[in-house]
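Working notes for the structure below.
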């Protein structure tokens with residue numbers, strides 16, 4: 001099956017949650033099946049969608065509290081891709097009592113805001129109700145903290161771990 | 001901070017935001033006006049500005065009609 005929705009995780013080694021790449025894949029499949037296919041969005045259409053989520057330490061000059069979303073998408077017509085970007089302040093995770101759970105919840109929240117803001121036919125309450133279907137037992141069975149090789153953040157290979 | 005960008009031609013390329021970290025942390029406020037990035041290989045620089053190109057979540061929540 002063609003992959004119509006992709007999540008890209010990015011962040012410097014000391015400013016990102018050490019989660020397995022399987023977390024990302026789980027959310028891709030979850031939202032594809034439960035939301036996008038269910039609502040007839042993206043799947044089977046002309047465009048594939050990539051959502052790049054950047055983790056970044058918070059600083060006093062940052063103008064947003066927790067997360068921000070790029071205004072609009074970058075369109076690559078030759079590949080039929082629309083790429084959206086979001087930033088999460090890593091401090092929200094680093095300072096959390098349960099950082100792994102916080103990471104899972106924040107990724108869920110980012111994807112929720114992205115989908116409901118971009119595709120108005122999906123209401124926030126619809127995705128809120130799906131939270132109960134998240135298989136936390138599976139996610140918590142994955143290695144955490146995961147090794148760098150297991151994390152497979154986007155661009156790790158390209159940057160030679162220098163990000 | 002690294003942003004990924006896909007350009008016509010198929011390859012995912014990357015760029016580093018110039019002084020983004022310093023600007024965000026306040027260590028180098030002189031660069032605050034240009035926390036943008038570019039692709040040196042691109043004829044038309046692709047620029048991000050964290051402060052003008054990104055919408056804080058709070059703004060989206062208070063204005064649900066705002067599209068990303």
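The values are calculated or read from the model by the stated rules, or taken from the named source; none is laboratory data. Computed from a prediction, not measured in an experiment: that's the story for all the values here. Cβ: placed from backbone, ideal geometry, glycine included. Neighbour counts: every protein chain shown.
Which residues, counting only those in region A:13-30, are under 17 Å from residue A:95 (Cβ atoms) and free of Cβ contacts under 8 Å to residues at least 24 places away in the same chain?
Hit for region A:13-30 is A:14, nothing else.
Spot the failing condition for residue A:64; the list is (1) crowded, with 18+ Cβ neighbours inside 10 Å; (2) closer than 22 Å to residue A:24 by Cβ; (3) facing chain B (nearest Cβ under 10 Å), and only one is missed.
Looking at each condition in turn, residue A:64 falls short on (2).
Taking the conditions exactly as written (farther than 18 Å from residue A:29 by Cα and more than 7 Å from every other protein chain (Cβ to nearest Cβ)), does residue A:48 satisfy them or not?
Numbers: farther than 18 Å from residue A:29 by Cα: no; more than 7 Å from every other protein chain (Cβ to nearest Cβ): yes.
Against the criterion (farther than 18 Å from residue A:29 by Cα and more than 7 Å from every other protein chain (Cβ to nearest Cβ)), residue A:48 does not qualify.
Of (1) modelled with pLDDT of 85 or more; (2) within 14 Å of another protein chain (Cβ to nearest Cβ); (3) out of contact with any helix residue (DSSP H, G or I) (no Cβ under 6 Å at 6 or more places or on another chain), residue A:12 satisfies all except one. Which?
(1)
Which one is surrounded by the fewest Cβ atoms within 10 Å (Cβ to Cβ) among residues in region A:67-76 that are at the interface with chain B (Cβ under 7 Å from one of its Cβ atoms) and at pLDDT below 80? Break it down into steps so the answer makes sense when it comes.
The initial filter retains those residues of region A:67-76 that are at the interface with chain B (Cβ under 7 Å from one of its Cβ atoms), namely A:67-72, A:74, A:76.
Keeping just the survivors that are at pLDDT below 80 gives A:71-72, A:74, A:76.
Values: A:71: 16, A:72: 14, A:74: 19, A:76: 20.
Selected residue: A:72.
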